[in-house]
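Right, one structure below, let's go through it.
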Amino acid sequence: MHSYNRSIPVITDIHKLGKLSRSSRDTLIVIAGVALTFVLSSQFDLAERVTAWLLTYEYAQLDEIPLTLFVFVLLSVWFSQRRMQEIHAEIQRRKQTEMQLRNSQQLYITLFDGDLTGNVVLDVEGNIGMHNRAFDRICRPLSTNRNASRLFSFHWPEFVLQLQHHKEINFNKLQIRRPDGLPCYVGARFIYVPAEDIHDDAQIHGYLVDMTEQCLVEQDLERTLKENRVLARHAMQVQEQERKYIASEIHDETGQYLTAIRMDALALQKSSPDQANVIAVRIASNTQHVQQSIRRLIKHLRPPALDSLGLIGAVERLVNDWKKLNARIECHLALDIGEQALNEDINIVAFRVVQEALTNISRHAQASEVWIDIKVMMRQDKPALQIEIRDNGKGMDTTQATEGVGLVGMRERIESLQGSFKLMSGLQAGTMITGLIPLPGPQHALPTETSTSNSGVNDYATP
């Protein structure tokens, strides 16, 4: 009973090992097993009994192996096997963890790089720590200079101070100064991330959404709206000038002759036969002047040649009249619309475009030669009327806005018929105006559209 009671604390300690680590628990089990073997051997004389039993196997010299050492060896083998199982399980767990970590990193890289939003991590000095491909596509930072503070249109140190105070700053429209000089506008959000440790640096997380196309469209719409207002104001001024001109013509020319005719008609009633002949001749002369005045008004309001001669004949007459006033400029004509019948709207637009272009050339171009080419051609398997007017004058800088309404009027006339207008010009490189007006109905045997190039000019859609 005494020996059994002494063993109870040892067994009780073994049950308390559950809270220890597996390795420590197994070590204590080995120690407890060896100690228990030693205690039992000393209490029950196990060594003498085992020795007596081993005398039968004297040839194997088994009695030379101490019992306690034998138990220790067995427990050591058991302990080693347990540790090998633990090491193998730990290796498997680490492999799974590494695989999950690689998958997580790959997913993070895919989400970070595949995002359409430009993501960038900056320090407070503006140096780029990390960015995705969308940020590179939007901002195009210089590869030799990893500082992004110059990309933004605001003052960077002042911005950082405000961001530290507000923690987050949003921009509905922010201009980016791309190194390649192309226009770039973004919607942006910047978040200040303070350092978690004294050894770490604070970070600025930026998220940029490309809005360049939308902003350029808005600018183009705003510019078009401004041009339309100018054009509408000019149209009203021209309308008033036309009314004033017509009123002046009727009052000064037609009105005076009609008054004279009326007075002659009244005098004719009281005149003698000899005087009647003189008055009749005077009435006929005044009537002729009235007719001529009316013809001038009609010609001013609408070219009569369009109705009688068509577009080609009207343009030829217009060019001939223009040459009389600009004899020093040589004009080359290439007019061919075949048997195509153009409707009234197209005839008027084409005629007015040529008329306005010749007016601009005589006033501003300082050219010595002019080329006018009007023809019907196929564009994307559809017929279109091409109007091309080119000169060798001083040209213009198409990057600068102009105050005139002549080009705007030509563009508006052509685009009102769903056509396209293009202006190509450069300083000392001449000017070329091209208008394409789609024609209704299928056509056959028409020339196809060819690209036209002019050395030293810039392609520019007039504002």
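The values are calculated or read from the model by the stated rules, or taken from the named source; none is laboratory data. Please read these numbers as outputs of a predicted model, since none were measured by experiment. When we count neighbours, we look across all protein chains shown, and the Cβ atoms used for this are built from the backbone with ideal geometry, even at glycine.
Checking the structure you have, find out if any residue of the stretch 195-212 is under 17 Å from L122 (Cβ atoms) and assigned to a helix (DSSP H, G or I).
no
Sort out for me the helices (runs of 4 or more DSSP H) sitting completely within the stretch 272-361 that have 3 or more residues that are under 45 Å from the mean Cα position of the chain (by Cα) and of a type in the set (D, E).
Ranges flagged: 344-360.
State whether one or more residues within the stretch 325-346 are surrounded by fewer than 19 Cβ atoms within 10 Å (Cβ to Cβ), of a type in the set (S, T, N, Q) and more than 21 Å from S425 (Cβ to Cβ).
Yes, the stretch 325-346 contains at least one residue that is surrounded by fewer than 19 Cβ atoms within 10 Å (Cβ to Cβ), of a type in the set (S, T, N, Q) and more than 21 Å from S425 (Cβ to Cβ).
Consider the stretch 132-159. How many of its residues are part of a strand (DSSP E or B) and modelled with pLDDT of 85 or more?
Count: 1.
Suppose we filter T254, T259 for residues that are exposed (fewer than 14 other Cβ atoms within 10 Å of the Cβ), under 19 Å from S293 (Cα atoms) and outside the structural domain of E412 (by TED's automatic domain parsing); which single one remains?
One residue alone meets the criteria, T259.
Taking the stretch 160-212 as the search range and keeping residues that are out of contact with any strand residue (DSSP E or B) (no Cβ under 9 Å at 6 or more places or on another chain) and charged (D, E, K, R), which one is modelled with the highest pLDDT?
R178
Does L182 satisfy the criteria of being closer than 20 Å to L116 by Cα and part of a strand (DSSP E or B)?
no
Go through the residues of the stretch 197-212 one by one and say whether even a single one is of a type in the set (F, W, Y) and within 21 Å of R137 (Cα to Cα).
Checked the stretch 197-212: at least one residue is of a type in the set (F, W, Y) and within 21 Å of R137 (Cα to Cα).
So is Q61 of a type in the set (S, T, N, Q), out of contact with any His (no Cβ under 7 Å at 6 or more places or on another chain) and modelled with pLDDT of 70 or more or not?
Judged against the criteria, Q61 is not a match.
Restricting attention to the stretch 213-234, and to residues there that are in contact (Cβ under 8 Å) with a residue 12 or more places away in the chain and among the aliphatic types (A, V, I, L, M), which single residue is nearest to R413 (Cα to Cα)?
Here the residue is L231.
If only one of D373, D397 is assigned to a loop (DSSP other than H, G, I, E, B) and touching a residue at least 12 places away in the same chain (Cβ under 8 Å), which one is it?
That would be D397, the only listed residue that is assigned to a loop (DSSP other than H, G, I, E, B) and touching a residue at least 12 places away in the same chain (Cβ under 8 Å).
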